[in-house]
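Participant: Please see the structure below; I have some questions.
The values are calculated or read from the model by the stated rules, or taken from the named source; none is laboratory data. As the structure is a prediction and not an experimental result, all values here were calculated from the model. Reconstructed Cβ throughout: ideal geometry from the backbone, glycine too, with neighbour counts over all protein chains shown. Surface areas here come from the heavy atoms of the whole protein model, side chains and all, with no ligands, DNA or RNA. Shrake-Rupley method; radii C 1.70, N 1.55, O 1.52, S 1.80 Å.
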Amino acid sequence: MNLLKVNQNFVKLPNSYLFVDIAAKVSRFSEQHPETNIIRLGIGDVTRPLPKAVVTAMKKAADEMGEAKTFRGYGPEAGYEFLRAAIAEHDFKRRGVQIDTDEIFVSDGAKSDTGNIGDIFAVDNVVAVCDPVYPVYVDTNVMAGRAGEYDENKGWSKIVYMPCLKENDFLPQLPKERVDIIYLCFPNNPSGVGISRSELKKWVDYAIYNESLILYDAAYEAFITQQDMPHSIYEIDGAKKCAIEFRSFSKTAGFTGTRCAFTVIPKDLIFNNISLNKLWDRRQSTKMNGVSYVVQRGAEAVYTEDGMREVKENIAYYLNNAKIIMDGLKSAGFEVYGGVNSPYVWLKTPNGLSSWEFFDLLLEKTGVVGTPGSGFGINGEGYFRLTSFNTKENTQIAVQRIVESFKAQ
Ligand code: MLT
C-alpha cells in the first residue's frame with residue numbers, strides 16, 4: 001500500500017481514448033498486412049495544407065520573433081487583441097451578433113476547452129449529453145467525478161443521456177428533468193447532422209427557463225451549407241444569458257497540428273452572482289500562458305480576403321468528398337446521414353453488424369478505416385462514421401472499394 005493516492009475518477013475511465021484504441025488496432029492490422037494500402041477515414045484530421053495566407057503571416061511573425069526590436073515574450077493569456085478583434089468582427093458582428101473582445105478566450109483547441117471548462121463548475125451539477133457524443137465531454141466529466149458509476153448497458157449513472165435516434169433525425173430531445181449543464185455540438189460530431197434556428201431556440205428557451213447552461217460546440221460551423229442553420233448559438237435571442245460557445249480553427253482552416261481555437265463566454269453569464277467569464281479568465285490565466293504569437297498571427301490571417309477564400313475552397317473540397325462518400329454508399333445500398341453540413345458521414349452498418357464488427361470487416365475487406373458508432377455511445381451501436389478529410393483521390397478509391405465489396409450484399 002502506497003501513501004500517495006491517485007485520482008480514483010481516472011481509474012474509472014475506459015482504458016484508452018477512442019481514437020487511440022483505433023490507431024492501435026490499425027497499426028496491428030498494418031503489421032499483419034503490409035501489402036494493404038490503408039485509407040484513413042477515421043479520426044477527423046485534415047489533409048489540405050494550411051492556407052497560403054496563414055503560412056505567409058506565420059513566416060512574417062516568425063521573423064519578428066527573431067529580431068530584438070519586434071520579439072515578444074509572454075502574450076496575453078486570453079489571446080492578442082488583434083486576433084480577438086478579428087474574431088469578434090468576422091465570426092459574430094457580420095452575423096449580427098455583438099461579442100466583445102474580452103468575451104473571447106483564445107486557446108490551443110476546442111478539445112482542451114470543452115474538456116477543461118468543467119473546472120469552473122461544482123462536482124454535483126447534473127450534466128446532459130447527446131448519445132452518441134464526442135467522447136471528450138463524457139470522459140472529462142468522469143475525470144471530474146461528475147459521472148457516477150459505469151454500467152455497460154446504461155452508461156454513467158449520473159449523466160443524463162439524450163438519445164439521438166434516426167426517428168428524430170438524430171437530434172436530441174429536451175430532457176424531461178431539469179439538468180444543470182447541457183453539451184450540444186452542431187453540426188454534430190459524430191452524426192454530421194445540423195440544427196435549424198427554430199430547433200436550437202427550443203434549447204435556449206429550455207436553458208433560460210431552467211437556469212441551465214448550454215456548452216455549445218460549434219467547431220464544424222464552417223461546413224454549414226443550409227441557410228436556416230445558425231453558425232453561432234448567439235444568433236438565437238437570449239443565448240448570451242445561457243450559453244458558452246466553443247470554436248476552432250482546426251477543421252475550418254487546417255489547424256489540427258498548428259493548434260488554435262477560441263471560447264466565447266459572454267459577460268451576461270452570471271450564476272449565483274458569479275461571472276463565468278471572470279472564473280474562466282482566472283482559470284486560464286493560472287493554468288495557461290496562451291497560444292504562441294506566430295500561431296495567433298496565422299489565425300488572424302484566416303480572416304483576410306485571401307485567407308477566407310482559401311478556407312472556403314478547402315471546405316468545399318471536403319464537402320465534395322462527403323458527397324462522393326454519400327453518393328457511393330447510397331448506390332451500394334447503405335443508409336447514410338449527415339455529410340451535407342458536415343465533414344462526417346454517419347451510416348447504418350449493413351446486415352445488422354455491430355459497429356466494431358463492421359470496423360473489422362471494412363478494414364479486412366477494403367483497408368478503409370472508419371470510426372465505430374458505439375465508440376460515441378450506446379445509441380451509436382449499429383452505426384459507423386466516415387470522415388471526408390482525406391484527399392479526393394483517396395476518398396474516391398476508398399468509396400470504390402467499399403462499393404465493390406458491399407454492393408452484392
Ligand atoms: C474526431 O474525429 O471526432 C475529431 O478529430 C475529434 C477532435 O477534433 O478532437
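Participant: Do the sum for the chain: with -39,500 (n - 2.57) for every DSSP H run of n ≥ 4, divided by all residues, what is the mean residue ellipticity at 222 nm, to the nearest 500 deg cm²/dmol?
Facilitator: Working: 13 runs with 149 residues, N = 409.
-11000 deg cm²/dmol, from helical runs alone.
Participant: Here's something else I'd like to know. Using only the Cα atoms of region 345-409, build the gyration tensor, take square roots of its eigenvalues as a ≥ b ≥ c, and label the shape rounded, prolate or oblate: rounded if a/c is under 1.5, else prolate if a/b is larger than b/c, else oblate. Working shown, then result.
Facilitator: Values: a/c = 2.14, a/b = 1.35, b/c = 1.58.
Oblate, because a/c is 1.5 or more while a/b does not exceed b/c.
Participant: Take TYR74 and ASP151, extend 7 Å from each Cα along the Cα→Cβ direction, and tell me the distance between the two endpoints in nm.
Facilitator: Going from the TYR74 label point to the ASP151 one covers 4.9 nm.
Participant: Same structure again: To check you understand DSSP bridge types, tell me what percent of the beta bridges within the chain (both residues inside) are antiparallel, rounded to 5.
Facilitator: Details: 22 of 39 bridges.
Antiparallel: roughly 55 percent of the beta bridges in the chain.
Participant: Continuing with this model, one more query. Taking the Cα centre of region 163-305 as origin, work out the dipole magnitude from +1 charges on Lys and Arg Cβ and -1 charges on Asp and Glu Cβ, in debye rounded to 20.
Facilitator: Details: 17 positive and 17 negative charges, 112 e Å.
Its charge dipole is roughly 540 debye.
Participant: Can you list the lysines whose alpha carbon is less than 28 Å from that of LYS52, not counting same-chain residues fewer than 8 positions off?
Facilitator: Cross-link targets: LYS60, LYS69, LYS93, LYS111, LYS251, LYS312, LYS323, LYS392.
Participant: What is region 1-48 by shape, rounded, prolate or oblate, if you read a ≥ b ≥ c off the alpha carbon gyration tensor as root eigenvalues and call it rounded for a/c under 1.5, prolate for a/b larger than b/c, and oblate otherwise? Don't skip to the answer; put the middle values down first.
Facilitator: Numbers: a/c = 4.47, a/b = 2.23, b/c = 2.01.
Prolate, because a/c is 1.5 or more and a/b exceeds b/c.
Participant: From the Cα gyration tensor of region 253-317, with a ≥ b ≥ c the square roots of its eigenvalues, which class applies: rounded if a/c is under 1.5, or else prolate if a/b is larger than b/c, or else oblate? Please report the intermediate quantities before stating the final value.
Facilitator: Values: a/c = 3.22, a/b = 2.00, b/c = 1.61.
Prolate, since a/c reaches 1.5 and a/b exceeds b/c.
Participant: Whose amide H sits under 5 Å from the amide H of SER248, counting only residues 5 or more places off or on another chain, with H placed in the peptide plane?
Facilitator: PHE262
Participant: Another question about this same structure. How compact and how long is the chain, expressed as Rg and Dmax of its alpha-carbon atoms in Å?
Facilitator: When restricted to the Cα atoms of the chain, Rg and Dmax are 21.4, 68 Å.
Participant: Follow-up question, since we're still on this one. So what is Rg over Rh here for region 294-409, counting just Cα atoms and using Kirkwood for Rh? Working shown, then result.
Facilitator: Numbers: Rg = 16.3 Å, Rh = 15.2 Å.
Using only Cα positions, Rg/Rh for region 294-409 is 1.07.
Participant: Region 1-28 to region 83-127: how many Å between their Cα centroids?
Facilitator: Rounded to whole Å, the Cα centres lie 29 Å apart.
Participant: Also: Leaving out ligands and nucleic acids, note down the accessible area per residue over the chain with a 1.4 angstrom probe, in whole Å².
Facilitator: Numbers: 18710 Å² over 409 residues.
Result: 46 Å² per residue.
Participant: On a full-extension model of 0.36 nm per residue, what is the gain between ALA24 and PHE271, subtracting their alpha-carbon distance, rounded to one decimal in nm? Write out the running numbers ahead of the final one.
Facilitator: Working: separation 247, 0.36 × 247 = 88.92 nm, distance 4.32 nm.
Taking ALA24 through PHE271 to full extension adds about 84.6 nm, to one decimal.
Participant: Cut-off under 16 Å on the C-alpha distance; same-chain residues fewer than 8 positions from LYS201 excluded. Which lysines are left, in chain and number order?
Facilitator: Those lysines meeting the cut-off are LYS240, LYS241.
Participant: Mind checking the dipole of region 312-389: about its Cα centre, +1 per Lys or Arg Cβ, -1 per Asp or Glu Cβ, Debye to the nearest 20? Present the calculation step by step, with values, prior to reporting the outcome.
Facilitator: Details: 6 positive and 7 negative charges, 49 e Å.
So the magnitude is around 240 debye.
Participant: Assuming 0.36 nm per residue, please report the length gained on full extension of the stretch LYS392 to MET65 beyond their Cα-Cα distance. Present the calculation step by step, with values, prior to reporting the outcome.
Facilitator: On the way: separation 327, 0.36 × 327 = 117.72 nm, distance 3.70 nm.
Additional length available on full extension: 114.0 nm.
Participant: Continuing with this model, one more query. What fraction of the DSSP beta bridges in region 74-183 is antiparallel, stated in percent and rounded to the nearest 5? Display every interim value, and only then the final one.
Facilitator: Details: 2 of 8 bridges.
Antiparallel: roughly 25 percent of the beta bridges in region 74-183.
Participant: Charges at C-beta only: +1 for Lys and Arg, -1 for Asp and Glu. How large is the resulting dipole of the chain about its Cα centre, in Debye rounded to 20? All intermediate terms of the calculation are to be shown ahead of the outcome.
Facilitator: Numbers: 46 positive and 51 negative charges, 69 e Å.
My answer is approximately 320 debye.
Participant: Report the gain in length on full extension from ASP45 to LYS93: 0.36 nm times residue separation, minus Cα-Cα distance, nm rounded to one decimal.
Facilitator: Numbers: separation 48, 0.36 × 48 = 17.28 nm, distance 2.92 nm.
Extra length available between ASP45 and LYS93 comes to 14.4 nm.
Participant: Of the listed peptides 264-276, 67-79, what is their order by residue-averaged count of other C-beta atoms within 10 Å, with the highest listed first? Can you show the working numbers first?
Facilitator: Details: 264-276: 15.9, 67-79: 12.5.
Ranked by mean Cβ neighbours within 10 Å, highest first: 264-276, 67-79.
Participant: Continuing with the same structure: So if I take the centroid of the Cα atoms in region 163-235 and the same for region 292-354, what is the distance between those two points in Å?
Facilitator: Here the answer is 19 Å between Cα centres.
Participant: If you don't mind, there's one more thing I want to ask. What order do you get for 158-168, 380-390 when each peptide is scored by the mean count of other beta carbon atoms within 10 Å, highest first?
Facilitator: Most protected by this proxy first, the peptides run 380-390, 158-168.
Participant: Further question on the same structure: How large a share of the accessible area of region 1-96, in percent, is made up of carbon and sulfur atoms when the probe is 1.4 Å and the other protein chains stay in place?
Facilitator: Taking all protein chains in place, region 1-96 shows 55 percent carbon and sulfur surface.
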